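Peer 1: Take this structure first; my questions come after.
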Amino acid sequence: MNVPDVLELYAYDRWANAKVLDIAASLSDEQRHRELGASYGSVFGTLDHILWAEWRWLGRWRPGSAGPDPLTAKDLAGLRRLWEAFEAEQKRFLSTLSEADLTRIISYENPPGRRWTYSLQHMLQHVVNHSTYHRGQLTSLFRALGATPVPLDFLVYFDEK
């Protein structure tokens, strides 16, 4: 993996996140917050978790850079405002990456306090994979609420691009 690959992967991630946010916008506020037994409860909870995780990882790579905590958002409009601000910050970080940065080793502690160490390249890949996993969960939640999900495959991104 090289820097152009990382930039493409994150362009895909932003595209896919925008797609699920648009579908979520087609739901009522009650539907978005309805508890459906998913990992993060609801559509809103899952969206919030995706943004929170991406925000948390950026803060690990560049401490202090990620802005306000996404878990403070109470509605979709607020979440979208935070998401837009976060993506601008994430793009700034990604625009500074060099090939040497990808091999940089970073250690962090997860919320329970366990220490982990990985290369930045592997962390960057993990974040998009994590978000993809939860967007898959959103597909099921959207169907359960009567919304029509859209294909979010990496190759569909290229087709639309």
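A short reminder: the numbers here are calculations on the coordinates, not readings from a lab. Quantities reported herein were computed from a predicted structural model and do not represent experimental measurements. All Cβ positions, even for glycine, are placed from backbone atoms using ideal geometry, and neighbour counts span all protein chains on display.
Peer 1: Modelled label-to-label distance, Thr148 and Tyr133, 7 Å Cα→beta-carbon offset: nm?
Peer 2: It is 3.1 nm.
Peer 1: Need one number: nm distance between label points at Asp5 and Asp75, each 7 Å from Cα along Cα→Cβ, rounded to one decimal.
Peer 2: Once both label points are built, they end up 4.4 nm from each other.
Peer 1: Find the eigenvalues of the gyration tensor of the Cα atoms of segment 47-104, then list the square roots of 5 times those eigenvalues as equivalent ellipsoid semi-axes, largest first, in whole angstrom. Display every interim value, and only then the final one.
Peer 2: Numbers: eigenvalues 112, 22, 14 Å².
Over the Cα atoms of segment 47-104, the ellipsoid semi-axes are 24, 11, 8 Å.
Peer 1: Just to verify a number: FRET efficiency for Tyr108 and Asp159, C-beta to C-beta distance, R0 = 30 Å, to 0.05?
Peer 2: 0.25
Peer 1: Separation of segment 2-43 and segment 52-109 by C-alpha centroid, Å?
Peer 2: 16
Peer 1: Let me ask something additional. What is segment 3-160's relative contact order, in percent, from Cα pairs under 8 angstrom and six or more apart in sequence?
Peer 2: Relative contact order comes out at 30 percent.
Peer 1: What is the ratio of the Cα radius of gyration of segment 20-161 to 2.2 N^0.38 Å, with N the residue count, to two decimals?
Peer 2: 1.11
Peer 1: Comparing Pro151, Pro70, Pro111, which has the greatest mean-square fluctuation in the GNM of the chain with Cα pairs linked when under 10 Å apart?
Peer 2: In the Gaussian network model the winner is Pro111.
Peer 1: Note down the nm distance, to one decimal, between modelled labels 7 Å out along Cα→Cβ at Ser98 and at His126.
Peer 2: In this crude label model, Ser98 to His126 measures out at 2.4 nm.
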